[in-house]
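Dropping the structure in here first, questions after.
The values are calculated or read from the model by the stated rules, or taken from the named source; none is laboratory data. Everything numeric here is computed off the predicted structure, so don't read it as measured data. Using ideal geometry, Cβ is built from the backbone for each residue, glycine included, and neighbour counts are taken over all protein chains shown.
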Amino acid sequence: MVRRCHIAFLLAVVVVLLPCLYAVERSYQTATLVGVQQRHRSRVLYYIVNTPVTQEDPFYQVSVQLKNTIYVGEYTPRHAEESLPGNWKPGESIQARIEKHFMFLKRPDGSELQFVIVKRISPANNH
Amino acid sequence: MKSVLRWCVVPLLATTLVAQTAPTQTTTKPKTRKTTKSSPAITAADVQVLRQALTAQQQQIEELRQQLQRTNHTVTKLNNDLADVKTTLTNTAVNTQDEQKRMSALEGLVGRFRLGGDVRIRGESQFQDQPGFFDRNRGRVRVRFGFDGKLNEDFTGGVYLATGSLGDPTTTNETFTNFFDRKTIGLDKGWITHNPLAHKWLSLTGGKFAYQWQRTQVTGDPDINPEGFNQKLSFDTHMPFVKNVTFQGMELLFNEVTNGPDSYAVGGQVSSKLELGRWTATPSFMVLNWHLPDALLQASAFAVQATTTGSTSLTTPVPSIPVPGEGPGCAGGRNGGKLPSFPPCAFAANGMTNSTYLDASGKPHFGSPFLYADFILNNQIKTGVSRLPLNLLLEYEDNLAAKEHPVDFTGALATNLGKQSHVYLADISLGQVKNKGDLQFGYAWLRQEQDSVIASFAESDQRAPTNILQHRLYALYKLRQNTVASFTWWHGRTLNTNLENAVLGPGLKPGQIEPWLNRLQFDLIYSF
């Protein structure tokens, strides 16, 4: 009985920890930049009675193709002057790492930028 | 080195030997060849000389050996110093990397948050064509600042402070008065929102937060930040006409009692975003039920920031005593309405204009419960000029729980009047305030009946919280990306001067039509 409890406990631990194997960081792969766009999002700063006074907050939308899937990610810069590397242009190769909700792209200096994946497109379905 | 010396010494000695034994060449007569015996090669003197030479060589070797030792010692020391330098450089590089990592982490942490706020300077004038009305002119300042941002990938939050009396949630203004005294600052907002990445359609908010639902001045002053909880389910669609559908629930807690029932408002809203060509509309419908609102008529001295205290008890009356509250203090009854003069009293910074009554024990109560049904249709129509869209805001609100008839200034039921529960708002404007150089000007018309909403939370700049007819002209200009200049002209009067608690100009009698009260506001707002 005690032995069964121990086995059951070990099994439970394995089951609980098994998903953690998928948390192992995946390695970078070479992807192709499909699109790089700067866009703006309106944010209400305050209201004057019923009239909103808004501000345009910039963000970047970058699409990369990795194998057969196009990943569209969004990055919100920390401040208005922050921009993406100048050599990020459609058609260029880039090192990319895809996680569940995030896409990491490597900058020329070796550091990485984290994008939130907003869309996954299969090129076959996109035609 | 020693072997080299050794090999040098041996030939040297050998050479010395040869030098010693070489016969001396002298100029002599040629001798006849004789057969004679050769003399001994080495003498004692030669040996002595050799010994002396050897000793000298050995001394030299010893000196060279010591010099070599010193040189080796120096080289070793230099090698050690070089190793130390390498170690130091490596450690420095590692430390620099660690510092860079810490700096990146700090940058990442700080970058998650955004400082924000604004400063507003206002010049305001009030005047009314009514004898006894004293024109009012005042300067005012409003400061709001704080930060908000990502706590992590699924949570956002923020904290904001603002100026304004702690006894009035409908304004964050501070008047230039009180002999340059410092101004009050309080917690204006503090909230956390759960918006999981895996389910971006879901937002759960708790704390003291900005309005999360669509609303206007009708149901709440823009400066109020309600407290409690909000749940939002927002779904973007890819349909041609309906772009978004949102469902919200709200639980607003406004009075917690230690040993008694609490007061709160519970409700929900459904809204949508519609697009058809140049026209975009956001219709919404909200229901909000206020539970035990009478607590607002029995508020503490702290809640109203009372400026006087006392007692109107018949058995132990106490005359008015000044107390150092910032104000506005108790909202007294008007036009026949009866409300306590001292705390606990009515919490209504801009006046209690709802119908009220006193029970047998002298406790005040609202004449009607409050169950808001609020329909808003907000429209924007793109014109040929992108910076000049046409905006049209329409609203109809009804207090479904209002009593059938109001009470007049004599305390009698006004059976000639129906429910005083409706609000009608129409606001039309041209332009927007988004980018530098943007201009927006517009006109709004409002008819708000006595018991349509709770007076304690209604718009603070209109003629009175309820029972009013109000016009408003306004213009806004974005001078810079972070600076807005604005002008507003409030032109309003009491709707029905016969009703209990109606606000009347000085000397005005019930039944008379009140002259229009004008309020001009010139604002300069800098946001950061």
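Restricting attention to strands (runs of 3 or more DSSP E) lying wholly within segment B:316-374, give those where 1 or more residues are under 20 Å from B:P510 (Cα atoms). Steps first, answer last, please.
On the way: elements: B:318-322, B:356-358, B:364-366.
Result: B:356-358.
Next up: List pairs: first residue in segment B:119-137 and more than 30 Å from B:I185 (Cα to Cα), second residue in a loop (DSSP other than H, G, I, E, B) and among the small types (G, A, S) anywhere in the structure, Cβ distance under 6 angstrom, at least six positions apart or on different chains.
Every condition considered, the pairs that remain are B:Q128/B:G505; B:Q130/B:G505; B:P131/B:G507; B:G132/B:G507; B:F133/B:G505.
Can I ask one more? Pick out the one residue from A:S93, A:S83 that is over 30 Å from B:V119 (Cβ atoms), small (G, A, S) and either surrounded by fewer than 17 Cβ atoms within 10 Å (Cβ to Cβ) or more than 14 Å from chain B (Cβ to nearest Cβ) (or both). If you could, list the steps in order and put the result at the bottom.
Working: A:S83 fails: over 30 Å from B:V119 (Cβ atoms).
The unique qualifying residue is A:S93.
Related question: Might you let me know whether segment B:174-189 holds any residue that is in contact (Cβ under 8 Å) with a residue 60 or more places away in the chain and within 14 Å of another protein chain (Cβ to nearest Cβ)?
Our first condition is that a residue be in contact (Cβ under 8 Å) with a residue 60 or more places away in the chain; within segment B:174-189, this holds for B:184.
Those still in the list that are within 14 Å of another protein chain (Cβ to nearest Cβ) too: none.
No: segment B:174-189 contains no residue that is in contact (Cβ under 8 Å) with a residue 60 or more places away in the chain and within 14 Å of another protein chain (Cβ to nearest Cβ).
Exactly one condition in (1) modelled with pLDDT under 95; (2) more than 14 Å from chain B (Cβ to nearest Cβ) is false for A:V62; which is it?
Failing condition for A:V62: (1).
Can you confirm whether B:P328 is of a type outside the set (F, W, Y), under 24 Å from B:T171 (Cα atoms) and without any contact (Cβ under 8 Å) to a residue 60 or more places away in the chain? Outline the logic, then answer.
Numbers: of a type outside the set (F, W, Y): yes; under 24 Å from B:T171 (Cα atoms): yes; without any contact (Cβ under 8 Å) to a residue 60 or more places away in the chain: no.
No, not satisfied.
Select from segment B:130-139 the residues that are part of a strand (DSSP E or B) and not basic (K, R) and write down the one among them that is nearest to B:T184 (Cα to Cα). Even if it seems obvious, please write down each step before you answer.
As a first pass, look at segment B:130-139 and keep what is part of a strand (DSSP E or B): B:136-139.
Add one more test, that the residue is not basic (K, R), and what stays is B:137, B:139.
Values: B:N137: 21, B:G139: 16 Å.
This residue is B:G139.
Let me ask something else. I'd like to verify a number: residues in segment B:442-466 that are among the polar types (S, T, N, Q), in contact with a strand residue (DSSP E or B) (Cβ under 6 Å, 6 or more places away or on another chain) and more than 10 Å from chain A (Cβ to nearest Cβ), how many? I'd like the intermediate steps shown before the answer.
Just the residues of segment B:442-466 that are among the polar types (S, T, N, Q), to begin with: B:448, B:450, B:452, B:456, B:460, B:462, B:466.
With in contact with a strand residue (DSSP E or B) (Cβ under 6 Å, 6 or more places away or on another chain) added as a condition, the list becomes B:448, B:450, B:452, B:462, B:466.
Narrowing the set further to residues that are more than 10 Å from chain A (Cβ to nearest Cβ) leaves B:448, B:450, B:452, B:466.
Of the residues in that region, 4 qualify.
Quick one: is B:L292 at pLDDT 95 or above and either in contact with a Gly (Cβ under 6 Å, 6 or more places away or on another chain) or closer than 27 Å to B:T494 by Cβ (or both)? Give the steps one after another, and end with the answer.
Values: at pLDDT 95 or above: yes; either in contact with a Gly (Cβ under 6 Å, 6 or more places away or on another chain) or closer than 27 Å to B:T494 by Cβ (or both): no.
Taking the combined requirement at face value, the residue does not satisfy it.
Taking B:E449 and the conditions (1) crowded, with 22+ Cβ neighbours inside 10 Å; (2) among the charged types (D, E, K, R); (3) closer than 30 Å to B:Q481 by Cα, which numbered condition does it fall short on, given that it satisfies the others?
Unmet condition: (3).
Taking the conditions exactly as written (free of Cβ contacts under 8 Å to residues at least 12 places away in the same chain and among the acidic types (D, E)), does A:E82 satisfy them or not?
Working: free of Cβ contacts under 8 Å to residues at least 12 places away in the same chain: yes; among the acidic types (D, E): yes.
For A:E82, the condition - free of Cβ contacts under 8 Å to residues at least 12 places away in the same chain and among the acidic types (D, E) - is met.
Would you point out which residue out of B:H491, B:H422 is in contact with a Phe, Trp or Tyr (Cβ under 6 Å, 6 or more places away or on another chain) and farther than 17 Å from A:Y46 by Cα?
On the way: B:H422 fails: in contact with a Phe, Trp or Tyr (Cβ under 6 Å, 6 or more places away or on another chain).
Unique residue meeting the criteria: B:H491.
Being crowded, with 16+ Cβ neighbours inside 10 Å, within 14 Å of chain B (Cβ to nearest Cβ), of a type outside the set (S, T, N, Q) and over 30 Å from B:I224 (Cβ atoms), is that true of even one residue in segment A:40-47?
no
Taking B:Y474, is it within 12 Å of chain A (Cβ to nearest Cβ) and out of contact with any Phe, Trp or Tyr (no Cβ under 9 Å at 6 or more places or on another chain)?
Numbers: within 12 Å of chain A (Cβ to nearest Cβ): yes; out of contact with any Phe, Trp or Tyr (no Cβ under 9 Å at 6 or more places or on another chain): no.
Here the answer is no, as B:Y474 does not meet what is asked.
Let me ask something else about it. Looking only at segment B:301-315, which residues are assigned to a loop (DSSP other than H, G, I, E, B), surrounded by 13 or more Cβ atoms within 10 Å (Cβ to Cβ) and not β-branched (V, I, T)?
B:Q305, B:A306
Please give the number of the condition B:T410 fails out of (1) touching a residue at least 60 places away in the same chain (Cβ under 8 Å); (2) within 21 Å of B:I376 (Cα to Cα); (3) surrounded by fewer than 17 Cβ atoms within 10 Å (Cβ to Cβ).
Every condition holds for B:T410 apart from (2).
I'd like to know if segment B:276-286 contains one or more residues that are closer than 22 Å to B:L400 by Cβ and not in a strand (DSSP E or B). Before you say what the answer is, go through the steps one by one.
Within segment B:276-286, the first condition is being closer than 22 Å to B:L400 by Cβ, and the residues that meet it are B:283-286.
In the following step, the residues that additionally are not in a strand (DSSP E or B) were identified as none.
No - not one qualifying residue is present in segment B:276-286.
All but one of (1) surrounded by fewer than 16 Cβ atoms within 10 Å (Cβ to Cβ); (2) charged (D, E, K, R); (3) under 19 Å from B:I454 (Cβ atoms) hold for B:R215; which doesn't?
Condition not satisfied by B:R215: (1).
Looking only at segment B:140-160, which residues are in contact with a Gly (Cβ under 6 Å, 6 or more places away or on another chain), more than 14 Å from every other protein chain (Cβ to nearest Cβ) and either assigned to a strand (DSSP E or B) or of a type in the set (G, A, S) (or both)?
Residue satisfying the conditions is B:V159 alone.
When you look at B:N391, is it surrounded by fewer than 19 Cβ atoms within 10 Å (Cβ to Cβ), free of Cβ contacts under 8 Å to residues at least 60 places away in the same chain, closer than 30 Å to B:A485 by Cβ and under 29 Å from the mean Cα position of the chain (by Cα), yes or no?
Values: surrounded by fewer than 19 Cβ atoms within 10 Å (Cβ to Cβ): no; free of Cβ contacts under 8 Å to residues at least 60 places away in the same chain: yes; closer than 30 Å to B:A485 by Cβ: yes; under 29 Å from the mean Cα position of the chain (by Cα): yes.
Judged against the criteria, B:N391 is not a match.
Residues that are β-branched (V, I, T): list the strands (runs of 3 or more DSSP E) wholly contained in segment A:63-109 that include at least 3 such residues.
Because the criterion is at least 3 residues that are β-branched (V, I, T), the strands (runs of 3 or more DSSP E) in segment A:63-109 that meet it are A:69-75.
From the list B:L393, B:L439, B:L400, B:L430, exactly one residue is within 14 Å of chain A (Cβ to nearest Cβ), closer than 25 Å to B:V270 by Cα and at pLDDT 95 or above. Which is it? Full working, then the answer.
Values: B:L439 fails: closer than 25 Å to B:V270 by Cα; B:L400 fails: within 14 Å of chain A (Cβ to nearest Cβ); B:L430 fails: closer than 25 Å to B:V270 by Cα.
B:L393 is the lone residue from the list that is within 14 Å of chain A (Cβ to nearest Cβ), closer than 25 Å to B:V270 by Cα and at pLDDT 95 or above.
Name every residue in segment B:210-255 that is of a type in the set (D, E, K, R) and more than 13 Å from chain A (Cβ to nearest Cβ), in order of residue number.
Across segment B:210-255, the qualifying residues are B:E227, B:K232, B:K243, B:E251.
Each row is one residue, and each column tells you yes or no for (1) assigned to a loop (DSSP other than H, G, I, E, B); (2) crowded, with 16+ Cβ neighbours inside 10 Å.
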residue	(1), (2)
B:T415	yes, no
B:V433	yes, yes
B:V453	yes, yes
B:L469	no, yes
B:Y474	no, yes
